[in-house]
Amino acid sequence: MIGLRRHPAWHELNRLADGELDADTRARVMAHVVSCSKCPQSLSFVRRLGEAGRDMKHPSPPKSLLAEVLQHRSEGDRVILPAASPSSRRKRRLLPAAAAAAIIVGLGVASLTLTPEAGAGASELKFFPPQPVPGERIRVEYRPGVDLTGETALRLRLRLRQSDAEPPRGVLGTLDELILEPDGDGRFVGDYRLPPDFAYAAMAVENLSGDVLDDRQGRLWSARAHTADGLPLPGALRQEFLVLQRRSWPEAHEALHEMILLYPESAEGWSLQLAYEQQTLLPAEEAASRAGHRENFRRLERKAEQTELSAAELVSMVRYAASLEDDEALVYWLARLERAAPAHRMVVNYRARLGTEDAGTEAYLEGLWSASAHRTADVCEIGWRSANGAGDSAAARRWAVRCLPLVDDHILTLSMALTLVAQPDSRLEGISEVRSLLIHMGEELDEERPLHDKRADVRSKARRLQANARVSIGEQWLASGAPLEAILEFNAADEQALWLPELFRQRFEAMLLLGDEAGALADFHRLRVDPVYPRSSVDSLRSRLPSLTPEELAAGASRARDDMIERLLRDQSENRRLPAVDLPTSSGDLRSLGSLLDDKPTIVMVWDRRVFGAPEHIAEVVQAGRVLAGGPGQLLWITPEPDSESLRSFRRSAGLGLPPYYDSGSELATALGEWGVRGYFVIDRTGVLRVRSHSLMEAVRHLEVLRLGSRDTA
């Protein structure tokens, strides 16, 4: 018989929060709390209740405080005293961004510390030994900052990466967790055995309910694997580079430089260095550098003829040859890699691309798939993408059916399921897959939650993905001539209360097909007040409606504008002040971020051309500049790149009229938790961060809400 799961009694949670349980009872209660979805919230409530009582008294500061502050000031240190009441400490604060990882080898401790200013509530994470080897047991010590002080236990979340892992996709690697318990000295401790294939780990700390997070101000803590002699493994340096390049190029380049210095006989570091130079040097400089790289590549080739290379080393030679645009060498090294690893993603990608010239791609991929050992998610995904690119809907559906049980990326899964929805004979199967995905997204699985995200963040992202999935299904119903079914999906998507112009546009069409002009009119007004929806499209839609009086247009616009404000304000959940940083201009002058805001609603664009230099990204920036021109809002371009002639040349050729401000130390990007995605941050006129978005046009919409001066805006 299956017994009922018993939760700890209230008095047990209360005594656990106060540290009054004996060791055996604590172990029993903690074992339940860690695995329960309800009790961590109850435990957090008990702890906050105790905090509220303790916070009713405010003892006087120690008599020595003034002398200590004056001493720090005389030594040039900045000292910040708490300005908020202790009862407000549960709110996440934005600490100053001078965070740095320090490895204190002399003390035998690896210390990753966030201690920018005295009294700022900094956190610290240490692990022993300082230079761990794969498979070794380490001891973790964490001293919390203000937000996590007083918790009964904490959870260390680790994303582990192997040496040959491909560039990170959101979650950064395989998840593992460690419960940290208090040691009685203000720290939380735990032991963890690193996997034998460990190369690099990124870490964050949170409370057991997952609603308070310390991600080291967006930087995360990290550990890399070492040899027994204390040298970082080449795979560890590669993984560090791949992770950091999506956040801070200066830090990534440091890891790359270390890789080349320690392992000059490996092509990995050299190929990455060449790719870096191709994006940062002027053409003449890059040509001179390329000549040196060709000579270096021949040296590595001669050495490789005398040794047996691993698959990872062969991949590095393929990348290096490709970066050098040496076709003969590329074919040779690709063939060697294929003999060693026939289904390696790089091999399959190249072969699929080359096969299109003689229509042999599908036959090659089908032949590969026929061997059970090669039925991998990579092979399947490439087969699906290749079929889509060739316009072969039957092959795309065949590959989608094969892939759906293998892929674990929500967006990719949705795209494949929609391949099935697009065709009448597989539509119901595709819709079933999408429905399963929607249920799966609602389960909030921790293994799929990125380290930077609290549980509330995951729910917010899931809402948007669920809404977009339903809109996509509705579009397919509409395209197949089933407007009623389409409207049902559109309405279900609209229940998420998001501002989605594409939903309004498609529902407008479906309503008109059903003869419901009143329903279509509501969505027409929504599109009409949207600040970035094309005016030409709005005019085209209006021509399909009955004539409207000026009074009707004004009333409809007023209702739609109120709706837009309500929906977008609901998404403005950041509500944090920006750090005080100084940014150099091209002339070398320093401007404070506060002075650049100039009392205007602002979109701060943290934008690196190495990541976002594609033509469509540049066009979006130019379009946003036109939308904001002459208005009360503004767009600021802040780049982590240093000033250079190469960057100035890029700016001229791209037609970007924005003057850049240089965050070459990545201070602002780090403080904002920028992780290599398109960083668009909406700031109100008082300097408070309201929204972060991956879409510049969405950021412009939020700026319009601030311009309108609606509730809770500056």
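The values are calculated or read from the model by the stated rules, or taken from the named source; none is laboratory data. Keep in mind it's a predicted model, so treat the numbers as computed, not measured. A quick note on method: Cβ atoms are made from the backbone with ideal geometry, for glycine too, and the neighbour counts reach across all protein chains shown. To get the accessible areas, we keep the full protein, side chains included, count just its heavy atoms, and leave off ligands, DNA and RNA. Shrake-Rupley method; radii C 1.70, N 1.55, O 1.52, S 1.80 Å.
For the reader, a short list of remarks on this structure follows.
- THR602 contributes an accessible area of around 0 Å² to the protein surface, as traced by a 1.4 Å probe with all chains present.
- In Å², nearest 10: area of GLU704 left accessible to a 1.4 Å probe: 40 Å²
- The range 565-644, Rg to Rh (Cα coordinates; Rh as Kirkwood inverse mean 1/r): 0.98
- Between GLU301 and ALA614, the FRET efficiency from the beta-carbon distance, with R0 = 41 Å, is close to 0.80.
- Solvent-accessible surface (1.4 Å probe) assigned to GLU433 amounts to roughly 70 Å².
- Remark on the range 230-278: Rg and Dmax equal 9.8, 33 Å (Cα only).
- Semi-axis lengths (Å, descending) of the ellipsoid that matches the C-alpha gyration tensor of the range 496-635: 37, 17, 15
- Full-extension gain in nm, ARG193 to ARG559, via 0.36 nm per residue minus C-alpha separation: 125.9 nm
- In this structure the amide hydrogen of TYR661, modeled in the peptide plane, comes within under 5 Å of the amide hydrogens of TRP637, ILE638, THR639, none closer than 5 places in sequence on its chain.
- A simple spin-label model places the labels of ASP539 and TYR332 6.1 nm from each other, with each point 7 Å out along Cα-to-Cβ.
- Sequence of ARG143, ARG464 from largest to smallest accessible area, 1.4 Å probe: ARG143, ARG464
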